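Since every read-out is calculated from the coordinates, none of them should be taken as a lab result. Remember, predicted model here, so these are calculated numbers, not experimental data. Cβ placement follows ideal geometry from the backbone for every residue including glycine, while neighbour counts extend to all protein chains displayed.
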Amino acid sequence: MMTTAVSSPSSSPLIEVRGLKKYFGSNERPVRAVDDVSFAIQPGETLGLVGESGSGKSTIGRTVLRLVERTEGQVLYRGDDIGGLSGERMRKLRSKLQIIFQDPYASLNPKMRISAILGEALSTHGLHKGAAARDKRIAELLETVGLRPEHASRFPHEFSGGQRQRIGVARALAVEPEFIVADEPLSALDVSIQSQVINLLADLRERLGLTMLFISHDLDVVEYLCDRVVVLYLGKVMEVATTEELFANPSHPYTQALLAASPKPDPEMATERIALKGDIPSPISPPSGCVFRTRCPHAIEACAQTVPTLDELSPGHYSACIRKELLSNTAVARP
């Protein structure tokens, strides 16, 4: 059954995901990577998508962009379902919908100079007229992401990991997109250079008015960059709220556990750790009822029988748990 997309108040979201499902494998025993996910992203908004490895975050990002095809549901761009577009119409739309990949080492062709990597995007979408205009635009893109124009003549192996990720950002920006999926863009980088890319993304978001789906397992980065957050577990949405509300008053037991486990710079800021039992279940055979129940410290027998709905607790704050008393009485606030 298709659920209603959860969004911040606005009459016209840029991206709307409705009842999205993505299954892999056989029909008899499918891998339920994404199972009935809905959300909306407003123009200029950065929506964070968080959860453990295996929760379906990257699959959602790629399915939204039609890099993989959905099993069910809809993805709407400015009200139009992109899943129904022909190959030619989708190719024209690619300039509006871009991605920053997780691994800057694997996402750049090692045999191409940076000028060719960035120029390819410009040529494909007809965004320059002549070599001089092309070279000028490449120089502008490199400067936008904090690199120098002369870097255009180098190959990817001549750059550090952080510089390569900047090139990946430049490639995404080359076609002047309206929407970018940032698929864990920091996870393959050294901690010492992650902050540089974080600050770059924050600056670009403000200067260019970008709309982003920011996928990450780093809650501190999500708190810094994102306007709202969707918490995902085993392909299902557990909680949705503004960033400020989610971090101040996490309501779902899974969100509470994630925040309690997040490292704190000051030991006095640490909240009581909520232990989760076992590992995340296999999406081939997810638990009945609430998919989180096998690891939830508050699970009761009814949790195995009922699939919780995503209910609104307060304006813009939604949570999926049948034990409503927990949502108001056991939230763990962060300092």
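Among the lysines of the chain, pairs at least eight places apart or on separate chains and with Cα atoms under 19 Å apart come to 8.
For the chain, the longest principal axis of the C-alpha atoms and the axis of helix 114-124 are separated by about 80°.
Say R0 is 35 Å: what FRET efficiency, to the nearest 0.05, do Q196 and E72 get from their beta-carbon distance? In this case the efficiency is close to 0.30. Of the residues Y77, Y224, the one with the fewest other Cβ atoms within 10 Å heads the list, and the complete ranking is Y224, Y77.
Between R89 and D203, the contour length at 0.36 nm per residue exceeds the alpha carbon distance by 37.9 nm. Between L127 and N109, the modelled labels are 1.7 nm apart [label points 7 Å from Cα along Cα→Cβ]. A Förster radius of 56 Å combined with the Cβ-Cβ distance from E143 to A261 puts the calculated FRET efficiency at roughly 0.90. Based on DSSP H segments of at least four residues, each scored -39500 (n - 2.57), the chain has a per-residue ellipticity at 222 nm of -8500 deg cm²/dmol. With Cα atoms defining each centre, the range 297-325 and the range 95-118 are spaced 41 Å apart in the structure. Distances between every pair of Cα atoms in the chain, grouped in 20 Å steps from 0 to the bin holding the largest one, split as 30, 56, 14, 0 percent.
Protection proxy ranking of 291-299, 112-120, by the mean of other Cβ atoms within 10 Å over each peptide's residues and highest first, is 291-299, 112-120. Across all Cα atoms of the range 1-123, the radius of gyration (one decimal) and Dmax (whole number) stand at 16.1, 48 Å. Cα centroids of the range 20-67 and the range 199-234: 16 Å apart.
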